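Trainee: One structure, pasted below without further comment.
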Amino acid sequence: MITVGGRVSPSVREERLTAFEVERLRKDFPVLGQPVRGKPLVYFDNAATSQKPQAVIDAVHHFLSSYYSNVHRGVHQLSERATEAYEHARETVRRFLNAAAAREIIFVRGTTEAINLVASSYGRTHAGAGDEIVISAMEHHSNIVPWQMVCQATGAVLRVVPMNDAGELLLDEYEKLLTPRTRLVAFTHVSNALGTINPVGDMVRLARRRGIPVLIDGAQAAPHLAVDVRQLDCDFYAFSGHKVFGPTGIGILYGRGDLLDAMPPYQGGGDMIKSVTFEKTMYNDLPYKFEAGTPHITGAIGLGAALDYVTGVGLDRIAAYEHELLEYATKACAAIPGLRIIGTGKEKTCVLSFVLEGIHAHDVGTVLDHEGVAIRAGHHCAMPVMQRFGVPATARASLAFYNTREEIDSLVGAIHKAIEILG
């Protein structure tokens, strides 16, 4: 089985997707069949956003064309059907994360909003002058800036766990940062810029021993690894729908029920209340206390369909297949003269960041696009990571289970073309 840290055991590797199955699954994704600039599309920008299977497209279309309505409080049939589908999606998420109850699943716009919700509602009410919040050196801006804002508002101090030259967090240094002044720890499960799978199980245990709550940014983990929040024993877990083959504009915050109950609402408005007068407002129960206004019903239904699809394929099998695919890509790219891989940790998934000597990453991305290969070039909303490795940007090829070895060969050929043109 895949552990909560995302390691792949030999037994699971034997159960990976076969090449035949991948070719069959690729047909579920309409976008993948199109040409780009006269060449077959090779889509390696999955860490930015993933493509959508027909099952998700159909679920969204069926809602919009057959029973579109607002949810909750409606007494007509369309509203009842929409509400049932919306809450069914919440239950699907609960099962996907193995949360204890559906009330612990909050629909948000994405990982960014989930983290901001916790920062605003929990962080600002629990941190004060001289207190500390611990994050890591490999965080996405979305798990840096909200905590900086909390520190600015409260007088708390931000502490950062360093990493080594391979892009792995230093656990000894992490443990030293956990003190009686630490009010919360927030770290990524998988680095979007490096692909490093952090030892989240160990990190949570070290914090929990000291009574420190933990938030995990799971944006890059949810599409690739089985996640069990009860086994992890984390307090908060966040991920985005569009990275796990669902629509944009929808995401999830999991939180322990007792913590969420004690937290004040993040926003005010409709649906997050029980009663309102000009003198007093009574807030709604979980999860609705944190879901002000008309929700992204279409997104929630699409996300539910996406998680059903991924679960049907099998996350353990996905992880095992992607592990072998990444190994193949790493070996092939490491053999290219002048190419330096950024992020060489022992535990990685699906991200291959690299630089070419004397060539800017943006120029690499442009040439690859002309070869039909879609990658991301830039700092990947992780500027401190770029500073740590002394580069302005990287070219990032990020994989998904619908990618193939043949596509990696196309990537390698396109990189050689970039060197030929730009080198």
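No value in this document is a laboratory result; all are computed from the given coordinates. Note that the structure is predicted; figures quoted are calculated from it, not measured. Cβ atoms come from the backbone with ideal geometry, glycine included; neighbour counts cover every protein chain shown.
Trainee: Packing-wise, with mean Cβ within 10 Å as the measure, how do 232-245, 144-157 rank, highest first?
Mentor: Most protected by this proxy first, the peptides run 232-245, 144-157.
Trainee: Hey, can you grab everything whose amide H is under 5 Å from the amide H of E132? Only 5+ residues off in sequence or another chain; H modelled, so Pro and N-termini drop out.
Mentor: Here V157, T182, R183 satisfy the definition.
Trainee: If we count every other residue with Cβ under 9 angstrom of Y402's Cβ, Lys/Arg +1 and Asp/Glu -1, where does the sum land?
Mentor: Result for the local shell: 0.
Trainee: Let me ask another. What pairs in K243/K346; K52/K346; K176/K243; K39/K243; K52/K289; K27/K346 have C-alpha atoms more than 27 Å from each other?
Mentor: K52/K346; K176/K243; K52/K289; K27/K346
Trainee: Is the shape of the stretch 57-311 best called rounded, prolate or oblate, per the rule: a/c under 1.5 gives rounded, else a/b larger than b/c gives prolate, else oblate, with a ≥ b ≥ c the square roots of the Cα gyration tensor eigenvalues?
Mentor: The shape class here is oblate.
Trainee: In a GNM of the chain with a 10 Å cut-off on Cα contacts, which of R317, R24, R205 has the highest mean-square fluctuation?
Mentor: Among R317, R24, R205, the largest mean-square fluctuation in the Gaussian network model of the chain belongs to R24.
Trainee: Something else: Residues with beta-carbon under 12 Å from that of L117, excluding L117: net charge, scoring Lys, Arg +1 and Asp, Glu -1?
Mentor: Result for the neighbourhood of L117: +1.
Trainee: Taking θ = phi - 60°, what integer Hz values does the Karplus form 6.51 cos²θ - 1.76 cosθ + 1.60 yield along the stretch 29-38, in sequence order, with x for Gly and Pro?
Mentor: Once rounded to whole Hz, the list reads 10, x, 4, 5, x, 8, x, 10, 6, x.
Trainee: So for the stretch 379-423, what percent of the C-alpha to C-alpha distances run longer than 15 Å?
Mentor: Tail of the P(r) past 15 Å holds 60 percent of the pairs.
Trainee: Using alpha-carbon pairs under 8 Å, 6+ residues apart, how would you state the relative contact order of the chain in percent? Before the final figure, lay out each step's value.
Mentor: Working: 854 pairs, mean separation 100.0, N = 423.
Dividing the mean separation by the residue count of the chain yields 24 percent.
Trainee: With runs of 4+ DSSP H residues as the only contributors, calculate the mean residue ellipticity of the chain at 222 nm using -39,500 (n - 2.57) per run, divided by the residue total and rounded to the nearest 500.
Mentor: -11500 deg cm²/dmol, from helical runs alone.
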